[in-house]
1. Could you tell me how many of the residues in the stretch 76-86 are open to solvent by less than 50 Å² (accessible area, probe 1.4 Å) and either outside any helix (DSSP H, G or I) or aliphatic (A, V, I, L, M) (or both)?
2. Only one residue in A73, A92, A105 is of a type in the set (G, A, S), open to solvent by less than 60 Å² (accessible area, probe 1.4 Å) and touching an Asp or Glu at 6+ places or on another chain (Cβ under 9 Å), so which one is that?
3. Out of all the residues in the stretch 116-137, is one or more open to solvent by less than 80 Å² (accessible area, probe 1.4 Å) and modelled with pLDDT of 80 or more?
4. Consider the stretch 49-70. How many of its residues are within 30 Å of K117 (Cβ to Cβ) and open to solvent by 40 Å² or more (accessible area, probe 1.4 Å)?
5. For the stretch 14-48, give me each residue that is open to solvent by less than 90 Å² (accessible area, probe 1.4 Å), of a type outside the set (A, V, I, L, M) and either in a helix (DSSP H, G or I) or modelled with pLDDT of 75 or more (or both).
Amino acid sequence: MAWAEWEQLKADAADNGGTQMRLNKAEPGGTGGKKGDLAVNQTDLSGVRDEASKLNSRLWKEARVAVPTSETAAGNLTTQGFELGGALRHVAGKWDVQLKSLLDACGHIANHMDFTKYVHGGDDQYVRSRVSSITLLGEAFDDDNAPKGEKNKADN
């Protein structure tokens, strides 16, 4: 791409108001949907983790069986002089590579959910301790305050 063309594209984007990144706020006027922060609870994380673990186990038990069977069949076909044996061996090899990749991905997802649950549990504990210490500090200042609905001594 020529430099002049790049400059023209930038100018066109600026003239059209272009899409800009917005952090920590919704589009003015909104496009519907729930407002607020992203929220994930432990049940959500556990659900994703459990499904990834189930898929991993099922793939290990059921999909892995196809590779040795296919390789055996490929060997038998090759021995009998069929060219299909080499093709089947190739497909079995590809299946094995893809299966290992999928098993790794499922394991990674499950492990990441465990890690996320652990990290956010620590974050939650940290926030609780900070908020409770602020509450205790606030209560210390409220000792001299008048009961609810009455004026404080300093306001008299």
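The values are calculated or read from the model by the stated rules, or taken from the named source; none is laboratory data. Being a predicted model, the structure only gives us computed values, none of them experimental. Using ideal geometry, Cβ is built from the backbone for each residue, glycine included, and neighbour counts are taken over all protein chains shown. Ligands, DNA and RNA are stripped out before the accessible areas are found, and what is left, the full protein with its side chains, is counted by its heavy atoms. Shrake-Rupley method; radii C 1.70, N 1.55, O 1.52, S 1.80 Å.
1. Adding up the residues that qualify gives 1.
2. A92
3. Yes, the stretch 116-137 contains at least one residue that is open to solvent by less than 80 Å² (accessible area, probe 1.4 Å) and modelled with pLDDT of 80 or more.
4. Adding up the residues that qualify gives 12.
5. Residues satisfying the conditions are Q42, D44, S46, G47.
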